[in-house]
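Student: Provided herewith is a single structure, encoded as structure tokens, for subsequent inquiry.
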Amino acid sequence: MFEGMIGKWVLIGCVFLFGMLIMGLFFGPLLGGNVLALMGAGLAVALGGIGSIVAVGATGEKAAGMTAENPENFGRLLPLQALPGTQGIYGFLVGFLALVKIGAFAGGMELSIAQGWQVFFACVPVSVTCLISALYQGKVCLSGMDIVAKKPEESGKSLILPAMVETYAVLGLLASVLMIMFAVKI
Amino acid sequence: MAVAKMRKVTIFAYEELGESIFETLRDLEVLHVSKSESYDLSEYKDEEETEVDEAKYNEKLSQLSVIKSYFERYTTIKKSFIDMFTGAKPQMSYEDFQRVIASYDVSEIFSKVQLHEKRLREIDKETEQLKQRMEILTPWVDLDIPIPEIRPTRACDMQLAVVPSNSLNQVSKDDPLELVHHRVIWQEHGNSGVWLVALLDQEPSLSAVVSALGGVTVNLGREAAEYSGTGLVRDVLENIDKALTDLSGEREAILAEDAEMAQNLMDILALIDYYLDKRNLFEIHQEVAKTRFTLVIEGYAREKEIDKLRKGLSVYKDIEIVDEEPGQDDDVPVLLENNALVRPFEFVTNIYGYPQYHEMDPTPFLAPFFWVFFAMCLGDAVYGVILSIFSIVFLRTQKLEDDKLIKLLGYCGVSTVFAGALMGSWLGDLPKTFLEGTAFERFASRIAILDPVNDPITLLVVSLGLGILHIWVGVIVKMIGTIRTGAVVDGILDHGSWVVFLPGLIFWAVSQMGMIKSSIPLYIMIAGAVGIMWSGARSQKNILMKPISAIGGFYSILSYFSDTLSYARILALGLASAIIGVVVNMVCALIVDMVPGVGWVFVPVILIVGHLFNLLINALGSFIHSGRLQYVEFFSKFFEGGGTPFRPLRRVRKNVWVVE
């Protein structure tokens with residue numbers, strides 16, 4: 001069931017992204033630079049979060065069912081469930097860095113519209129890569145659980161295959177972090 | 001190198017000794033029995049008894065599994081939370097194990113269990129029925145006429161009925177019904193239970209009167225039949241009550257007996273292992289080459305353990321053991337042999353697979369890189385200390401079948417301490433947040449030479465640099481491997497040129513940026529490039545195409561480039577763990593500021609929970625990504641894999657661990 005839902009969640013992510021873009025385009029001058037930056041930070045947390053929630057939920061469901069069948073597998077299944085959870089953390093991380101960048105913890109500052117957009121776009125890579133990679137990594141994890149079920153002694157292999165998908169979330173994270181730290185001029 | 005030397009072993013023996021020989025081999029745990037290829041004796045095979053024996057073990061196993069699931073309703077083998085991760089098995093002494101095997105009659109227990117199970121079901125069903133009857137009878141408890149007497153006599157019709165209470169009033173008033181005598185036995189929820197008597201030949205009949213009143217007649221005959229006695233409702237109820245008490249007593253007795261039997265669940269688990277082992281030996285026995293009277297067991301044993309094998313089998317007089325060097329075409333099982341420092345890293349190799357017997361073991365090569373990569377990804381000194389302490393405590397307190405992973409974490413904990421200290425990360429930026437100005441903070445900031453958060457570019461360069469080194473070592477290993485197989489020219493030209501070219505290229509690029517003033521890198525690079533072009537041209541037969549092939553040799557530079565970029569993940573993961581650590585500390589600082597005075601109470605909780613979470617999630621990520629760099633970037637340079645792991649014949653230990 002989860003496999004069929006990936007498109008839907010990606011679509012929801014796009015709605016988030018474009019909704020914020022359009023809102024910024026039309027009401028940017030009204031809202032001010034700070035709001036644009038906050039929208040970016042929120043987008044990173046929300047999209048990464050959505051991907052991880054859906055994927056961890058689906059993998060957790062299967063893990064629970066398999067643990068009911070054979071409780072011995074619990075320890076092997078838990079890492080597989082946790083794997084697609086990292087994208088949510090990456091998203092949160094970028095959101096947090098954006099907050100630091102705009103001085104949210106140091107009394108705050110007034111950003112120009114252009115500066116606001118800079119922060120917003122710096123948050124986009126991690127948002128999109130995390131959302132999509134979490135969903136697809138969840139899919140690989142679900143299949144990896146079959147390795148655990150059929151060949152428990154080979155379950156180490158089931159951890160490596162999902163890591164291939166995560167690569168792109170890591171790259172998205174790196175891009176966003178570098179953008180926020182160096183490319184955004186505030 | 002680090003792949004253990006094997007000897008091919010062939011044992012010739014009398015078939016009648018087979019079972020006993022296999023048991024000895026199982027206890028020795030040195031021989032990897034392989035499928036017989038050299039001896040095809042299938043035409044002499046004796047087919048008669050095999051099926052019977054196999055069925056015997058299977059029957060015992062299925063009986064045991066029924067017993068097991070029955071017993072598990074009463075008791076479970078308690079497993080700690082940690083054991084669920086380690087897969088540790090309950091232990092049993094060898095004496096106990098022997099006693100269990102000798103004393104248990106599986107069939108007897110099985111039939112007892114079946115009997116109990118059936119009886120419990122019956123009791124439940126009977127109890128349910130009795131309760132229903134009781135429910136029906138209870139309202140009529142005041143009826144002082146024995147139930148069997150409530151039936152038509154020669155002149156009268158007599159019945160019990162339930163009618164709506166308000167319609168009952170009409171009976172006395174309305175004329176036509178006056179002929180009916182009735183007595184109300186009970187009244188409840190607007191209904192009344194009544195006892196009715198009327199003359200048999202009167203019109204309308206008693207049944208018609210009841211239905212005219214909107215009620216139904218009741219026949220208690222069935223409910224009371226079995227518990228007759230006096231036949232009075234109250235006596236019947238008493239009897240039913242007694243029967244219920246008896247049933248529940250019986251049930252309790254069965255449950256108590258079962259609970260006591262279930263205490264032996266461990267024995268059942270041990271028996272399951274015992275029969276699994278029997279079946280396993282039996283199956284292997286069937287697979288090896290044999291005739292009616294003789295038996296040929298083929299397999300592999302470590303060179304070191306050949307003497308142990310010979311000694312163990314010396315109890316048999318009429319047996320011939322031959323050990324020889326395995327041939328090129330043999331599928332020799334692989335056992336990795338490394339010193340104590342490298343052995344834990346075999347865990348990383350084994351996730352990918354095993355090398356071929358004639359291949360090199362990649363473990364010693366990947367070990368230092370994995371050690372460093374993991375440390376840089378996790379990158380926090382205190383996390384490293386926690387990992388190492390956890391590893392030591394775990395190894396001390398837990399008995400593990402395979403302690404490689406835990407040791408590996410311990411080793412990587414040590415490197416993480418170094419990496420964390422170099423990056424100035426002690427539980428994130430804790431020294432700066434809470435220990436500003438203390439000696440520790442000054443010490444920590446003095447040894448910190450890398451700052452991933454504020455100066456990630458340096459760390460990126462370090463990561464990519466390590467990546468290039470990693471790839472370069474991979475190519476060197478490939479070169480050595482090729483030369484070892486005898487293809488010296490191939491090794492030097494095809495791989496050696498890259499070994500020369502890559503550092504030349506890197507240092508040339510660095511010198512172009514003006515950091516080194518020397519033209520040596522340029523010459524090295526050119527030498528390597530010539531080698532690459534030569535090796536490219538060499539493989540091309542067509543003389544006109546040779547220049548194109550020579551240039552084409554550089555194509556793989558693209559893959560080296562993209563492989564190198566992949567090491568940027570080290571920086572990204574290092575940043576992730578560092579920043580989450582910072583976030584945890586910041587939340588603590590905010591709480592202290594927001595809730596003056598009392599805020600300090602929350603600090604330890606937030607610190608412990610937050611950092612533990614960060615440690616867990618990032619240790620998982622660091623492990624997986626460091627592993628990936630080995631499998632995808634490093635192994636692709638030289639490693640084939642696909643060897644058969646060495647699995648000596650040993651006791652089946654699925655459920656219990658028998659200790660001598």
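The values are calculated or read from the model by the stated rules, or taken from the named source; none is laboratory data. Keep in mind it's a predicted model, so treat the numbers as computed, not measured. Cβ: placed from backbone, ideal geometry, glycine included. Neighbour counts: every protein chain shown. For accessibility, only protein heavy atoms count, side chains too; no ligands or nucleic acids. Shrake-Rupley method; radii C 1.70, N 1.55, O 1.52, S 1.80 Å.
Student: Determine the equivalent ellipsoid of the stretch B:363-637 by diagonalising the alpha-carbon gyration tensor, then write out the semi-axes as square roots of 5 times the eigenvalues, largest first, rounded to whole Å.
Tutor: So the equivalent ellipsoid measures 46, 22, 14 Å along its semi-axes.
Student: Follow-up. In nanometres, what is the gap between the two model label sites at B:Ser62 and A:Ala106, each 7 Å from Cα along Cα-to-Cβ?
Tutor: Distance between the two pseudo-spin positions: 7.5 nm.
Student: With labels modelled as points extended 7 Å from the Cα through the Cβ direction, what inter-label distance (nm, one decimal) is found for B:Glu95 paired with B:Asp455?
Tutor: Using points 7 Å along Cα→Cβ, the separation is 6.7 nm.
Student: Does anyone have the angle between helix B:363-378 and the longest principal axis of chain B? Alpha-carbon axes, 0 to 90°, nearest 10?
Tutor: Helix B:363-378 sits roughly 70 degrees off the main axis of chain B.
Student: Please list the radius of gyration and Dmax for chain B, considering alpha-carbon atoms only, with Å as the unit.
Tutor: 41.7, 135
Student: Still on this structure: How big is the A/B interface in buried accessible area, both sides summed, 1.4 Å probe, to the nearest 100 Å²?
Tutor: 2800 Å²
Student: Further, regarding this structure: Using DSSP, restrict attention to beta bridges with both residues in chain B and report what percent are antiparallel, rounded to the nearest 5.
Tutor: 90 percent
Student: Let me ask you something else. Could you calculate the contour length gain from B:Glu260 to B:Leu199, that is, 0.36 nm times the residue separation minus the distance between their Cα atoms, to one decimal place in nm?
Tutor: 15.6 nm
Student: I'd like the distance between the alpha-carbon centres of the stretch B:568-589 and the stretch B:446-509, rounded to an integer number of Å.
Tutor: 29 Å
Student: Per residue of the stretch B:52-65, what does 6.51 cos²θ - 1.76 cosθ + 1.60 with θ = phi - 60° give for ³J(HN,Hα)? Whole Hz please, x for Gly and Pro, Karplus curve as stated.
Tutor: These are the phi-based 3J(HN,Hα) values: 4, 4, 4, 4, 4, 5, 5, 5, 4, 5, 6, 4, 4, 6 Hz.
Student: Something else: How big is the accessible area of B:Arg343 in square angstrom, nearest 10, if you roll a 1.4 angstrom probe over the protein chains?
Tutor: 110 Å²
Student: Additional query: Suppose R0 equals 51 Å; then what is the FRET efficiency for B:Lys517 and B:Ala340 from their Cβ-Cβ distance, rounded to the nearest 0.05?
Tutor: So the FRET efficiency works out to roughly 0.65.
Student: For B:Lys637, which lysines qualify as cross-link partners when the Cα separation must be under 24 Å and same-chain residues fewer than eight apart are set aside?
Tutor: A:Lys157, B:Lys478
Student: Could you work out the relative contact order of chain B, using alpha carbon pairs under 8 angstrom and six or more residues apart, expressed as a whole percent?
Tutor: RCO, chain B: 22 percent.
Student: May I ask you to derive the FRET efficiency for A:Ser143 and B:Phe434 from their Cβ-Cβ distance with R0 = 41 Å, giving the value to the nearest 0.05?
Tutor: 0.35
Student: Next up: For A:171-182, what's the mean count of beta carbons from other chains sitting within 10 Å of each residue's beta carbon?
Tutor: Per residue, the average neighbour count from other chains is 4.
Student: Please compute, for peptide B:185-193, the average count of beta-carbon atoms on other protein chains lying within 10 Å of each residue's beta-carbon.
Tutor: Counting Cβ atoms of other protein chains within 10 Å of each residue's Cβ and averaging gives 0.
Student: Tell me, what is the per residue accessible area of chain B in Å², probe radius 1.4 Å?
Tutor: Per-residue accessible area for chain B comes out at 52 Å².
Student: Excluding residues fewer than 8 places away in the same chain, name every one of the lysines whose C-alpha is closer than 26 Å to that of B:Lys311.
Tutor: Excluding near neighbours in sequence, the set is B:Lys5, B:Lys8, B:Lys35, B:Lys278, B:Lys290.
Student: What figure, in Å² to the nearest 10, do you get for the accessible area of A:Lys62 with a 1.4 Å probe and non-protein molecules left out?
Tutor: Counting only protein heavy atoms, the figure is 60 Å².
Student: Let me ask something else about it. The stretch B:603-630: which residues show an accessible-area loss of 40 Å² or more, assembly versus chain alone, 1.4 Å probe?
Tutor: Residues passing the criterion (a loss of at least 40 Å², heavy atoms only) are B:Ile617, B:Leu620, B:Ile624, B:His625, B:Arg628.
Student: Just from its helices, what would the mean residue ellipticity at 222 nm be for chain B, if runs of 4 or more DSSP H residues each count -39500 (n - 2.57) and the sum is divided by every residue, rounded to the nearest 500 deg cm²/dmol?
Tutor: That comes out to -18500 deg cm²/dmol.
Student: May I pose another question? Considering only the protein assembly as shown, what is the antiparallel percent among its DSSP beta bridges, to the nearest 5?
Tutor: Roughly 90 percent of the beta bridges in the protein assembly as shown run antiparallel, per DSSP.
Student: Would any residue of the stretch B:632-649 have its amide N under 19 Å from a label point 7 Å out along Cα→Cβ of B:Lys5? List them or say none.
Tutor: B:646
Student: Leaving ligands, DNA and RNA out of it, rank B:Val216, B:Val632 by accessible area with a 1.4 Å probe, largest first.
Tutor: The ranking, largest first, comes out as B:Val216, B:Val632.
Student: Net charge near A:Thr167, counting Lys/Arg +1 and Asp/Glu -1 over other residues with Cβ under 13 Å of its Cβ?
Tutor: Net of charged neighbours comes to -1.
Student: Answer rounded, prolate or oblate for the stretch B:63-167, using the Cα gyration tensor with square roots of eigenvalues a ≥ b ≥ c: rounded when a/c is under 1.5, else prolate when a/b is larger than b/c, else oblate.
Tutor: prolate
Student: Something else now. Mind checking Rg over Rh on the protein assembly as shown, alpha carbons, Kirkwood formula for Rh?
Tutor: Reported Rg/Rh, Kirkwood definition of Rh: 1.15.
Student: Here's a follow-up. Using only Cα atoms, what is the ratio of the radius of gyration of the stretch A:11-79 to 2.2 N^0.38 Å?
Tutor: Rounded to two decimals, the normalised Rg is 1.72.
Student: Would you list B:Thr75, B:Thr458 from the most to the least accessible area, probe 1.4 Å?
Tutor: Heavy-atom accessible area, descending, gives B:Thr458, B:Thr75.
Student: Moving on to the next point. Once the Cβ-Cβ distance between B:Lys35 and B:Ile608 is put in as r, and R0 is 35 Å, what FRET efficiency do you end up with, to the nearest 0.05?
Tutor: The formula returns an efficiency of 0.05 here.
Student: What nm distance separates the two modelled labels at B:Asp27 and B:Tyr74, each placed 7 Å from Cα along Cα→Cβ?
Tutor: Once both label points are built, they end up 3.4 nm from each other.
Student: Turning to a different aspect of this structure: For the stretch B:537-577, which chymotrypsin sites (Phe, Trp or Tyr not before Pro) are in a loop by DSSP, counting at most 14 other Cβ atoms within 10 Å?
Tutor: none
Student: A follow-up question, please. Can you give the mean number of other chain Cβ atoms that lie within 10 Å of the Cβ atoms in peptide B:579-586?
Tutor: For this peptide, the per-residue mean of nearby foreign Cβ atoms is 3.
Student: OK, next. Ordering B:Glu15, B:Glu640, B:Glu633, B:Glu303 by accessible area with a probe of 1.4 Å, largest first, what comes out?
Tutor: Most to least solvent-accessible, the answer reads B:Glu640, B:Glu303, B:Glu15, B:Glu633.
Student: Tell me, in nm to one decimal, what length is gained between B:Thr127 and B:Glu325 on full extension, where the rule is 0.36 nm per residue of separation less the Cα-Cα distance?
Tutor: Net length gain for the segment: 64.0 nm.
Student: What does the accessible area per residue of chain A come to in Å², with a 1.4 Å probe and no ligands, DNA or RNA counted?
Tutor: 42 Å²
Student: Considering amide H positions built from the backbone, and no H for Pro or chain starts, which residues 5 or more places from B:Trp657, or on another chain, come under 5 Å of its amide H?
Tutor: B:Gln91, B:Met92
Student: Heavy atoms only, probe 1.4 Å: what % of the accessible area of the protein assembly as shown goes to carbon and sulfur, would you let me know?
Tutor: 62 percent
Student: DSSP loop (so not H, G, I, E, B), at most 13 other Cβ within 10 Å: list which chymotrypsin sites (Phe, Trp or Tyr not before Pro) in the stretch A:100-186 pass both filters.
Tutor: Within the stretch A:100-186, the qualifying chymotrypsin sites (Phe, Trp or Tyr not before Pro) (loop, at most 13 other Cβ atoms within 10 Å) are A:Phe105.
Student: List the residues of the stretch A:74-95 whose accessible area drops by at least 10 Å² when all protein chains are present, compared with their chain alone, using a 1.4 Å probe and counting only protein heavy atoms.
Tutor: Hits at the 10 Å² cut-off: A:Phe74, A:Gly75, A:Leu78, A:Pro79, A:Ala82, A:Leu83, A:Thr86, A:Ile89, A:Tyr90, A:Phe92, A:Leu93.
Student: Any idea what the dipole of the protein assembly as shown comes to, in debye rounded to 20, about its Cα centre with Lys/Arg Cβ at +1 and Asp/Glu Cβ at -1?
Tutor: 4420 debye
Student: Do the sum for chain A: with -39,500 (n - 2.57) for every DSSP H run of n ≥ 4, divided by all residues, what is the mean residue ellipticity at 222 nm, to the nearest 500 deg cm²/dmol?
Tutor: Result for chain A, helices only: -29500 deg cm²/dmol.
Student: Under the 0.36 nm per residue contour assumption, what length would be gained going from the current alpha-carbon distance of B:Ser539 and B:Ile526 to full extension?
Tutor: So the extension gain works out to 2.6 nm.
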